[in-house]
Amino acid sequence: MTWVNNPPCSNCGSTDTEYQGIRGPESLEEREGQAGRVEMYSCRACSHKATTFPRYNSVRKLLQERKGRCGEYANLFGLYCRSVGFETRYVSDWTDHVWIEVLVGDEWIMADSCEGTINKPAMYESGWGKKLNYIVGTSYDAVVDVTSRYTRKFQEIDFQDRRRKITSSEYAGESAIQEANKRIRQRFNKAREDELNHRLKQEISILQKYKALSEWTELEEHDRGRISGSLEWKVSRKEDGKSKVEETSSPIVRALQ
């Protein structure tokens with residue numbers, strides 16, 4: 001896989017292209033490749049304005065293209081894991097990142113293929129410095145709010161304020177997810193439904209315990225910013241890890257740095 005910050009110009013090949021917005025899929029290739037959206041770019045070198053970057057979801061198309069960002073990486077890595085017998089789910093961080101979780105035994109393990117990182121849930125908050133709100137895991141048989149696995153600030157006022165910009169209350173968010181799961185369960189027989197409900201109950205119990213924790217342990221801490229993407233792109237998203245230091249350090253500490 002090749003990471004794409006911005007695509008080269010389709011006219012002159014220059015990499016000096018500028019993002020202009022998005023549109024829906026229009027061409028047959030874009031529709032068949034299940035492009036959820038198509039990014040549009042203009043070229044600073046030759047002024048060409050028709051370069052596109054379709055964000056494909058079809059794994060067949062991704063196997064051909066072998067390029068993208070976190071969504072494409074997650075889709076392909078999930079395919080590889082399922083092909084060798086693991087259950088996976090797609091995890092969406094609503095501050096704009098995605099990865100997968102893999103079921104290992106009775107435990108869901110974080111696996112971020114564009115970072116080459118497994119079972120380091122502190123990475124986003126502790127390492128990148130992300131101000132999280134909702135993180136939701138979705139699979140064929142369940143939807144789960146897994147946010148508390150990835151934060152140790154769940155009870156803080158600022159964290160809850162960010163969540164209230166999305167749902168009016170924790171109860172409202174939980175109710176929406178319960179309703180989604182109720183609809184999903186309708187496709188399964190009673191035995192499978194009971195199995196899934198038991199698994200979900202166990203996981204929710206674990207996630208509830210995470211909500212009470214207020215700091216990452218020394219072993220859990222992650223001390224580096226994002227690896228994937230250009231430095232300029234990471235800094236613009238405040239995911240380079242340095243933005244976290246700047247926000248939390250005193251003026252004296254920043255001057256010493």
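The values are calculated or read from the model by the stated rules, or taken from the named source; none is laboratory data. From a predicted model like this one, the values you see are computed outputs, not experimental measurements. Here the Cβ is made from the backbone with ideal geometry for all residues, glycine too, and neighbour counts use every protein chain on show. These accessible areas exclude ligands, DNA and RNA; they are computed on the full protein's heavy atoms, side chains included. Shrake-Rupley method; radii C 1.70, N 1.55, O 1.52, S 1.80 Å.
Report Ser214's accessible area, 1.4 Å probe, all protein chains in place, as a number in Å² to the nearest 10.
90
If you average the sequence gap of Cα pairs under 8 Å that are 6 or more apart and divide by the length of the chain, what percent do you get for the contact order?
It comes to 15 percent, rounded to a whole number.
What is the local net charge at Asn11, summed over the other residues whose Cβ is closer than 15 Å to its Cβ (Lys, Arg +1; Asp, Glu -1)?
0
Roughly how much of Arg162 is accessible, in Å² to the nearest 10, using a 1.4 Å probe?
Arg162 exposes around 50 Å² with every protein chain in place.
In square angstrom, what is the accessible area per residue of the chain with a 1.4 angstrom probe?
57
What is segment 103-202 by shape, rounded, prolate or oblate, if you read a ≥ b ≥ c off the alpha carbon gyration tensor as root eigenvalues and call it rounded for a/c under 1.5, prolate for a/b larger than b/c, and oblate otherwise?
Note, shape of segment 103-202 comes out oblate.
Quick one: with all protein chains in place, what share of the accessible area of the chain is carbon or sulfur, to the nearest percent (1.4 Å probe)?
So the carbon and sulfur contribution to the accessible surface is 52 percent.
Work out the length of the dipole vector of the chain about its Cα centre, built from +1 on the beta-carbon of each Lys and Arg and -1 on the beta-carbon of each Asp and Glu, and round it to the nearest 20 debye.
For the chain, the charge dipole is close to 480 debye.
What Kirkwood hydrodynamic radius, in Å, does segment 4-89 give when the mean of 1/r is taken over all pairs of distinct Cα atoms and then inverted?
Hydrodynamic radius (Kirkwood, Cα pairs) of segment 4-89 is 13.8 Å.
Quick one: how many Å² of Phe77 are accessible to a 1.4 Å probe, rounded to 10?
Counting only protein heavy atoms, Phe77 exposes about 60 Å² to solvent.
Would you list Met40, Met1 from the most to the least accessible area, probe 1.4 Å?
Result of the area sort, largest leading: Met1, Met40.
Just to check I understand the Karplus step: with θ = phi - 60° and J = 6.51 cos²θ - 1.76 cosθ + 1.60, what whole-Hz values come out for segment 166-177, glycine and proline as x?
Taking θ as phi minus 60°, the curve returns 10, 10, 5, 6, 4, 4, 4, x, 5, 5, 5, 5 Hz for segment 166-177.
Rank these residues by their accessible area, most exposed first, probe 1.4 Å: Trp94, Trp3, Trp108.
So, going from the largest accessible area down, we get Trp94, Trp3, Trp108.
What net charge do the residues around Ser27 carry, taking every other residue with its C-beta under 15 Å from that of Ser27, with Lys and Arg at +1 and Asp and Glu at -1?
-1
Select from Ser126, Leu62, Val104 the residue farthest towards the positive end of the dipole of segment 1-132; place +1 on Cβ of Lys and Arg, -1 on Cβ of Asp and Glu, and compute about the Cα centre.
Leu62
Cα gyration tensor of the chain, axes a ≥ b ≥ c as square roots of the eigenvalues: rounded (a/c below 1.5), prolate (a/b > b/c) or oblate?
It comes out oblate by the Cα gyration axes.
Please list, or write none, the lysines whose alpha carbon is within less than 17 Å of the alpha carbon of Lys238, excluding same-chain residues fewer than 8 places away.
Lys130, Lys131
Keeping every protein chain in place, order Asp96, Asp145, Asp223 by accessible area at 1.4 Å, biggest value first, i.e. largest first.
Solvent-accessible surface, decreasing: Asp223, Asp96, Asp145.
Excluding residues fewer than 8 places away in the same chain, name every one of the lysines whose C-alpha is closer than 28 Å to that of Lys49.
Leaving aside lysines fewer than 8 places away in the same chain, those within reach of Lys49 are Lys61, Lys67, Lys234.
Let me check I've understood the local charge: for Arg152, count other residues with C-beta under 11 angstrom from its C-beta, Lys and Arg +1, Asp and Glu -1. What total comes out?
Around Arg152, the surrounding residues sum to -2.
Give the lysines reachable from Lys190 as a straight Cα distance under 19 Å; neighbours fewer than 8 places away on the same chain don't count.
Hits, sequence-local ones excluded: Lys182, Lys201.
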